[in-house]
Structure formats: structure tokens, C-alpha cells
Ligand code: G6P
């Protein structure tokens, strides 16, 4: 059928979509460049962002995890205080809103009912909303005041991959352009760094055997697995764990490296897989310390580090990219590891049990 043609020579949409990520990065750069080659965003959106005294990001699932990274950009680059909320909890645990809030809804499909419920609610309160979505004309796009498109192309696999990295890239651009509009200069050239990230993604998608091997070694038979990271890497390990859970049914958790010892370390037994990500210089030593703690309790540890921070014995070294943009790159090994783990365990990669691509009930 038509969907088979679109999949081309790929065995699964998920693998195809993982491989498309470098291309998506390049498309996003193009889509957000003006005639003079500078990154640009519609004035009305910049005004809305810079008029806000606080941003509230609302999303579900993988899009929520992209929001966690987006908060770092909005605070560090655009200097706007930002909170990130799981949509389904927002209405019950509604934060005390600031005077001039802006809501950013992140949704691949633009149809998620939990997010829409919040949108309806905050519109009722008279607050402005911006939707980041992959689907032009989707409900969340139509009902918000503003839309930024992800340009990722249709994402078919239930487990989201290219939409996550597209969301992060668009949030980086939004923060950079909004910051610039109010006179804040970035310490690096975002177009150039996004290009470097795209190349790094490509180097890893060309290196699939390495991740198939890690999946085979660490995840073929285990019941559970832990991912640990600090700072930016903490956001990525939460997404890594979700991806693994979704498609391989391995019980997985993403933990802040420093928090593990406050309870969860009790679960570490002989052979429990613990995957650590280390891309941030300021936490490299401390996350490696956490790896030693769990290894001493029998964990089977795997370190994925970034070039420049690597040590002998690391399982994989990802190419060096700007530290702030590292999630774009460090997530790729975890996507591929989840993919191969699911494959080795004979799971239905593109259509995992109990899940839907977009959930239109609350
Ligand atoms: C569903 C999907 C997830 C996705 C979430 C949010 O639960 O299975 O993969 O992350 O919805 O979807 P959205 O389209 O709003 O990003």
C-alpha cells in the first residue's frame, strides 16, 4: 500500500525517521532563514514572546521532554523565566500565573486532547498561546494565536524521534531570535552550530552497528534499565527511557545522576543495565562518579560521552557539538539503542501495544 512505498527500503518508519533527522535540521535552518540568511521569526510571535514576563510550556510525552530542553534555551538565551508542565496535570496543579504569561504548546500532531484542554482553559482566562507543531492546520495550531511549524515531514512511527529533535531546534531558534530582538547576543552562531549538530547526527546514523551492538549487549534479556545524566543530559535521559519503554517494553527510568542515591539505587542488582550520558563539561566528573557508585553495586554500565570528555572504556563517543545543543545529538544513540532493543526482542517497533500516535481523549 501507499505507506509501504513511503517507507522505501526501510524495515520500519522509526528507523527511517531517525535517519531523516539531519535533513530535518537542515530544512528547519532554511525555513527559518530570511532573505539575508539570518534566522528570523514572525514579528507578531517575537512581540508575544518578548511581552511575556514568564513562559509556560505545556505538552505531553516526548513533546514534554523537548519542552524541558526548550526551557533551558528560553532562560539562558532569551532570559525569560520558563516553566514546563505536563498537560494532563496542569489544570489540577495550576501554577500561580504571572502577570503577563505566554503559553507555548508543543505537540507533534497538534491534536493531543490533554494539551488542547489546557489551551481552551487558558484562552478562557484571556492568555496568549503559541503552538509548535508538525501539522499545519491542526487543532492546536488553529486555536492558538500563533504557530511555529516543525518542518519534520510526516512522522508515522508511534515513537516520536524526528519531531523531538525538530522541536528542540525550533525552540533554540525561537529563543535566539527573541533574545536578539531585545538586544541579547548569543555567544555562538546558531546556524553554524545547528549545521554541526546535523552532521554529527549523520555520523551516528551512519554508525548503526555500534548501537545494535550496545542494544544486544545490554538490553536483549533485561527486565529493566536505568538512564542517568545531569544538567542537559538529565532531560535527554528522560526521553531515552521513554523511548525504550514505548517500543521494547523494558521498564526504564531516566534519573538525575545525583538523585539515584536517594532511593532508586536500591533497585540496582548484579547486571542491571545503567546507561549514562555525559556531554556537559561541568558535570562530567560527577556523572562518572555516579557510574562508579552503581558499578560498585553490580550495575552493568554503559557510558555515552561527547568528544572532548571521553575516557577509555566509554561505550560510545558522540561527535562534539555546542553543549547547549547537545540534546539534538545525544538523543540519537538512545533512539537507535531503543530501536534495536525492540527489534532484538521481537516487538512491533512502529506500532507498540497500548499506544496511539496521537491521543485525542483526555
Ligand atoms: C502520544 C504519543 C507520544 C507523544 C504524545 C504527545 O502519547 O504516543 O509519542 O509524545 O502523544 O503527542 P503530541 O502529538 O502532542 O506531540
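With Cα atoms defining each centre, the range 182-208 and the range 6-39 are spaced 13 Å apart in the structure. Computed across the range 1-142, the Kirkwood radius stands at 16.7 Å (inverse of mean 1/r, all Cα pairs).
Here the convex hull built on the C-alpha positions of the range 212-329 has a volume of 97 cubic angstrom per residue. Based on DSSP H segments of at least four residues, each scored -39500 (n - 2.57), the chain has a per-residue ellipticity at 222 nm of -14500 deg cm²/dmol. In terms of the mean number of neighbouring beta-carbon atoms within 10 Å, the peptides 335-343, 182-190 order highest first as 335-343, 182-190.
To the nearest 10 degrees, how steep is helix 232-248 against the longest Cα principal axis of the chain, on a 0 to 90 scale? Taking Cα atoms only, the helix is inclined about 70 degrees. For the range 99-178, the Kirkwood estimate of hydrodynamic radius, built from reciprocal distances between every pair of different alpha carbons, is 12.9 Å.
Computed packing ranks the peptides 271-277, 33-39 as 271-277, 33-39, most packed first, by mean other Cβ atoms within 10 Å. Rg/Rh, computed from the Cα trace of the chain with Rh as the Kirkwood radius, has the value 0.95. Averaged over residues, the count of other Cβ atoms within 10 Å places the peptides 66-75, 231-240, 313-322 in the sequence 231-240, 66-75, 313-322, highest first.
A straight chain from residue 53 to residue 281 at 0.36 nm per residue would run longer than the Cα-Cα distance by 79.0 nm. In degrees from 0 to 90, rounded to the nearest 10, what is the angle of the helix 208-219 Cα long axis to the longest principal axis of the chain? In the chain, helix 208-219 runs at an angle near 70 degrees to the longest axis. Nearest 0.05, what FRET efficiency do residue 192 and residue 7 give at R0 = 35 Å with Cβ-Cβ as r? Result of the calculation: an efficiency of 0.60. Convex hull of alpha carbon positions in the range 2-46: directionally averaged projected area 4.9 nm². Taking the C-alpha atoms only, the angle from helix 162-181 to the longest principal axis of the chain is near 50 degrees. The orientation-averaged shadow of the Cα convex hull for the range 53-133, equal to a quarter of the hull surface, comes to 4.7 nm². Evaluated at q = 0.10, 0.13, 0.22 Å⁻¹, a Debye calculation over the C-alpha positions of the range 140-290 (equal weights, vacuum) places log10 I(q)/I(0) at -0.48, -0.79, -1.50. Scaling against 2.2 N^0.38 Å puts the C-alpha radius of gyration of the range 55-94 at 1.14.
Length available on full extension from residue 75 to residue 38: 0.36 nm per residue minus the Cα-Cα distance, which gives 11.2 nm.
No lab work stands behind these numbers, since they all come straight from the coordinates. Here the structure is a predicted model, which means the values were calculated and not measured. Here the Cβ is made from the backbone with ideal geometry for all residues, glycine too, and neighbour counts use every protein chain on show.
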